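In what follows, a structure is listed as structure tokens, so that the remarks can point back to it.
The numbers here are math on the coordinates, done by the rules we state, and not lab data. All values reported here derive from a predicted model rather than from experimental measurement. Because the Cβ atoms are built from the backbone with ideal geometry, glycine has one as well, and the counts that use them run over all protein chains shown.
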Amino acid sequence: MQNHSIQVIGLQKSYKQLQVLKGVDFEVEKGSIFALLGSNGAGKTTVVKILTTLLKPDSGTVTVHGFNVVSKPEHVRQVISLTGQFAAVDEILTGRENLIMISKLRHLKNPHQVADELLKRFGLTDAADRRVSTYSGGMRRRLDIALSLVGKPQIIFFDEPTTGLDPESRIEVWKIVKELSDGGTTVFLTTQYLEEAEQLADQIAILHEGRIIANGTLSELKMLFPSPKVEYVEKQPTLEEIFLAIVGKKEDK
Amino acid sequence: MEGTKKHFFNDLSVMLGRSMRHISRSMDTIITVTIMPIGFMLLFVYVLGGAIQTGTDNYVNYLLPGILLIAIASGIAYTALRLFIDVQGGIFERFHTMPISRSTLLWGHVLSSLVSNALSVVIIIIVALIMGFRSPAGILSWLAVTGILALFTLALSWIAIIPGLSAKSVDGAGAFSYPILFLPFISSAFVPTESMPSVVRAFAENQPVTSIVESIRALLSGYSVDNDIWVALAWCVGIVLVAYFFAMRMYKKRV
Ligand SMILES: Nc1ncnc2c1ncn2[C@@H]1O[C@H](COP(=O)(O)OP(=O)(O)OP(=O)(O)O)[C@@H](O)[C@H]1O
Ligand SMILES: [Mg+2]
């Protein structure tokens, strides 16, 4: 089988007249962490929805785990899971019931055991039998991520997994993402935080005005940045500076 | 490749279990649904009943079928509302990224609608018994009544799926039930159609509620049912098929 978990070629998508994606290309290697970076409204969620079969592309070819998302959505759904931008949990059920429900829908043999393990792993054992509507934002996000891990999907999508979390919970999420990747799972995440991409990703792509304007490892991206001028103190550019430099250059044209 | 078809019944039972938990945790909605029909029953029997000539000595008996239909018509507003909340929240999005047969998501709502409406119907029948409702109907007649009510609920539930999927607001999701609520009033549910002006009468005698009311009334009174029951069944089955077709088409277009 191919080495690419995800392959996107010439992807276009419009909402009515608004053209959001104008030809997006990228590839994600198996087992890697890929970060799609972009400001508000850049189209990150749109890309995620297309990759996870929630939305149909207007044109272009998108394959996930070797399956075309348009012609083989059922196959794609067997190997992915999504932690969306907004928590996708059942508020009326308890945390445990949520996990058991998803385990049953994934047709696992021992839903109760799976639920117990994930509750423990995510520090939700004490809150397991409380309704999710009583959970804090951080607990909800943790449960949301736990639900995405049920059945050990090979490719996991996170759409802005740490937006709205306090620094402590954010670090916790980072840890989970790294663990997943260490275990061989391919992780696709979107973020507005450059630091997050810098911390986590093996590969970073910047989505701006409907196209990928930069794509590579952190060090590759750093090379795109004009080499530091001779100053008294030589300074490494941060991703933020690179981002602004690239975006600025495009807009100058 | 495991097909989603293979897991249809497993997935459906998970969805139904989920909806039933939702209902059991909001029992107040079932009570709310019964309040208005019980109010109408009290109003018609104790306030207006003396002035209404139906040709029967027990007006509660005459009234009950229509009251049950009103209860179901108001109950399905919650069916639409529960679906609307699911669609708006992220949980449907999660289900849609999973290898689940899509129609089970809607069937879960429809089946739980059947259960919650059955509970409302039972509560109202108990109140009616207290108010003097009596029926000589045997077990077979009761089964037939149950079947007609279930089919009616099924038809209205599939109708409810459409606003549940397409509404823009909570109020919008429930508003569709008002016109349906009115149908029993322009039928033979409360007064015989003979007393109505000709245009209204023509409408009343040819709309689904009248045939359903007449069949249930005949079954509960122990009379033999005539043609009405076939008309009633045809209406219900027809509405189920049409509403199912449009609901599924709308659902497929959305996702
Ligand atoms: N269903 C829709 N109908 C019309 N326009 C939409 C729809 N969904 C998104 N858009 C528009 O498409 C653009 C991209 O949206 P998208 O949600 O993909 O951005 P994003 O990068 O995820 O932004 P954010 O960081 O705010 O989550 C935005 O301008 C948005 O307003
Ligand atoms: Mg987004």
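Quick notes on this one:
- Peptide B:81-90 has a mean of 2 when you count, residue by residue, the C-beta atoms of other protein chains within 10 Å of its C-beta.
- Nearest-ten-degree value, helix A:239-252 long axis tilted from longest Cα axis of chain A: 60 degrees
- Ratio of the Cα radius of gyration of region A:90-138 to 2.2 N^0.38 Å, where N counts its residues: 1.07
- Across chain B the C-alpha pair distances fall into 10 Å bins from zero in the proportions 7, 30, 33, 20, 8, 2, 0 percent.
- A viscosity of 0.692 mPa s and a temperature of 37 °C, combined with the Kirkwood radius over Cα pairs in Stokes-Einstein, give a translational diffusion coefficient for the protein assembly as shown of 126 µm²/s.
- Fewest-first ranking of B:67, A:100, A:171, using other Cβ atoms within 10 Å as the exposure measure: A:171, A:100, B:67
- Within the protein assembly as shown, antiparallel bridges make up roughly 55 percent of the DSSP beta bridges whose residues both belong there.
- In this simple spin-label approximation, residue A:29 and residue B:241 carry label points 7 Å from Cα along the Cα→Cβ vector, and these lie 5.9 nm apart.
- Paramagnetic label reach from residue A:209 (point 7 Å along Cα→Cβ; backbone nitrogen cut-off under 20 Å): within region A:33-58, residues A:37-47.
- Computed from Cα atoms alone, the Kirkwood hydrodynamic radius reported for region A:4-252 is 19.1 Å.
- Helical segments meeting 27 Å axial Cα length and Kyte-Doolittle -0.5 threshold in chain B (DSSP H): B:59-88, B:102-130, B:139-166, B:228-254
- Rounded to the nearest 0.05, the FRET efficiency derived from the C-beta distance between residue A:9 and residue B:56 at R0 = 56 Å is 0.15.
- Cα gyration tensor shape for region B:100-218, rounded if a/c is under 1.5, else prolate or oblate: oblate
- Two-site FRET efficiency, residue A:240 against residue B:253, from Cβ-Cβ distance with R₀ of 35 Å, rounded to 0.05: 0.25
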